[in-house]
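K.L.:
Next up is a structure, given as structure tokens.
The values are calculated or read from the model by the stated rules, or taken from the named source; none is laboratory data. Keep in mind that what you see is a predicted model, and the values were worked out from it rather than measured. Don't worry about glycine lacking a Cβ; one is built from the backbone with ideal geometry, like all the others, and counts go over all protein chains shown.
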Amino acid sequence: MSGSAAWAVFAIIGAGTLVLRGAMIVLWGRLSAIPPTVERGLRFIPPAVLAALVLPALLVSDGVFTVGPRLVAGTVAIVVAWRTRNVLATIGVGMVVLWIVQALT
Amino acid sequence: MHRPTFLEGVRDLTPILLGVVPFGLIAGIAAVSAGLTPFHGVGMSLIVFAGAAQLAALDLIGNAAPALVVIATALIINTRFVMYSASLAPYFQEASTPQKVAASYLLTDQAYAFSINRFTSRQEPTRVRMSYYLGAALTLWVTWQVSTAAGAFLGAAVPEAWSLDFAIPLVFIALLVPAIRDRADAGAAATAAILAVLLVGLPYNLGLPLAATAGIIAGIAVERVVP
């Protein structure tokens, strides 16, 4: 993506995000409440999107399934995240395991 | 502005900054890894100010995804703000419109979590509530801007052999694991993850939005079957 195309993409994401953030705070009283079905669906966005980002990053490299250092390091990081709930520890342990496995293979 | 309450907001949010700084550094580095300039990293943080969406968008830009897929993915991730906005709206009803717009721009997972916790446990006038919210939200904003700028300008100097791009999925892991609280969440995550891998060959990185949508539907379905 060119530099100027990226600015345009950022502007659109920024404007759209401001609308999502402001819709209810600014227009409160002028809008009816969110239907319960929609609200239930919204709850699943973080786990669904994040999982869809994570697994391919661990399993696929240049479009090919790869069982390698990234899968090992990612699996360890998932355990660390689950046990500690700590962002810094998850990133730190994940990176160190990746470097170790890369050095050994 | 109610100064002591503003400072309480600042103080409450401060301990979690330790988790925000590495996330911000990575968002800055990711802009440069995606082939953009450090100024794009800084500008994106000012314009978008939403970490997970920024990282997902930069990840897709680095994989040469088309603009529409980048925009759609970032906005899907940010749809959760509608929920926070609806939940906070009654407490900000009497605030001025400029304050409401500022509060909207500054809305984050963290500012929401701290504020709603206080608003539901204490009866306070809107002015005091807004002061607390702005104290918490602005603290996060300043930290985010400084750490993405540091990542964007210093990250360019990091050698590729360090595989620092792997920090992006690690951040997602750190956000994903606490987001799975019950079977329905797990069903949503598992469906989306497996489909995302199976659909990885689709053009324009369309596999990501499709897998995420299927995951959301799976979550709703699991909740119906196993309440």
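K.L.:
For B:GLY19, all conditions in the list (1) under 16 Å from B:VAL146 (Cα atoms); (2) facing another protein chain (nearest Cβ under 7 Å); (3) at pLDDT 90 or above; (4) under 17 Å from the mean Cα position of the chain (by Cα) hold save one; what is the number of the exception?
P.N.:
(3)
K.L.:
Can you tell me which residue in the stretch B:22-49 is farthest from the chain's Cα centre (by Cα), limited to those that are β-branched (Val, Ile, Thr) and more than 9 Å from chain A (Cβ to nearest Cβ)?
P.N.:
Only one residue fits best here, namely B:VAL32.
K.L.:
Residues B:ALA65, B:ALA27, B:ALA72: which one is touching a residue at least 60 places away in the same chain (Cβ under 8 Å), assigned to a helix (DSSP H, G or I), surrounded by fewer than 24 Cβ atoms within 10 Å (Cβ to Cβ) and in the same structural domain as B:GLN145 (by TED's automatic domain parsing)?
P.N.:
That would be B:ALA72, the only listed residue that is touching a residue at least 60 places away in the same chain (Cβ under 8 Å), assigned to a helix (DSSP H, G or I), surrounded by fewer than 24 Cβ atoms within 10 Å (Cβ to Cβ) and in the same structural domain as B:GLN145 (by TED's automatic domain parsing).
K.L.:
Sticking with this structure for a sec: Can you tell me which residue is nearest to the other protein chains (Cβ to nearest Cβ) among those in the stretch B:192-225 that are buried (at least 21 other Cβ atoms within 10 Å of the Cβ) and more than 27 Å from B:ALA67 (Cβ to Cβ)?
P.N.:
Top of the filtered list is B:GLY219.
K.L.:
Separate question: Given the stretch A:1-74, what helices (runs of 4 or more DSSP H) lie entirely inside it while holding 1 or more residues that are more than 7 Å from every other protein chain (Cβ to nearest Cβ), of a type in the set (A, V, I, L, M) and under 30 Å from B:ARG129 (Cα atoms)?
P.N.:
A:3-27, A:36-43
K.L.:
Considering the stretch A:87-101 alone, what residues qualify as being of a type outside the set (Ser, Thr, Tyr) and at the interface with another protein chain (Cβ under 7 Å from one of its Cβ atoms)? Lay out the reasoning, then the answer.
P.N.:
First pass over the stretch A:87-101, keeping only residues of a type outside the set (Ser, Thr, Tyr): A:87-89, A:91-101.
A:VAL87, A:LEU88, A:ILE91, A:GLY94, A:MET95, A:LEU98, listed by residue number.
K.L.:
Quick one: in the stretch A:1-59, which of the residues that are at pLDDT 90 or above and touching a Pro at 6+ places or on another chain (Cβ under 8 Å) is farthest from B:TYR112 (Cα to Cα)?
P.N.:
Of everything passing the filter in the stretch A:1-59, A:LEU58 is farthest from B:TYR112 (Cα to Cα).
K.L.:
Could you identify the single residue in B:GLU124, B:GLU160 that is under 17 Å from B:GLU8 (Cβ atoms), surrounded by fewer than 24 Cβ atoms within 10 Å (Cβ to Cβ) and acidic (Asp, Glu)?
P.N.:
After ruling out the rest, the residue left standing is B:GLU124.
K.L.:
I've got another one for you. Can you tell me which residues in the stretch B:141-167 are more than 12 Å from every other protein chain (Cβ to nearest Cβ) and small (Gly, Ala, Ser)?
P.N.:
Across the stretch B:141-167, the qualifying residues are B:SER147, B:ALA149, B:ALA150, B:GLY151, B:ALA152, B:GLY155, B:ALA156, B:ALA157.
K.L.:
Taking the residues in the stretch B:88-101 that are part of a helix (DSSP H, G or I) and surrounded by fewer than 18 Cβ atoms within 10 Å (Cβ to Cβ) as candidates, determine which candidate is farthest from the other protein chains (Cβ to nearest Cβ). It would help to see each step written out before you state the result.
P.N.:
The initial filter retains those residues of the stretch B:88-101 that are part of a helix (DSSP H, G or I), namely B:88-92, B:97-101.
Subset that is surrounded by fewer than 18 Cβ atoms within 10 Å (Cβ to Cβ): B:90, B:97-98, B:101.
Numbers: B:PRO90: 7, B:THR97: 7, B:PRO98: 10, B:VAL101: 6 Å.
Filtering first and then ranking leaves B:PRO98.
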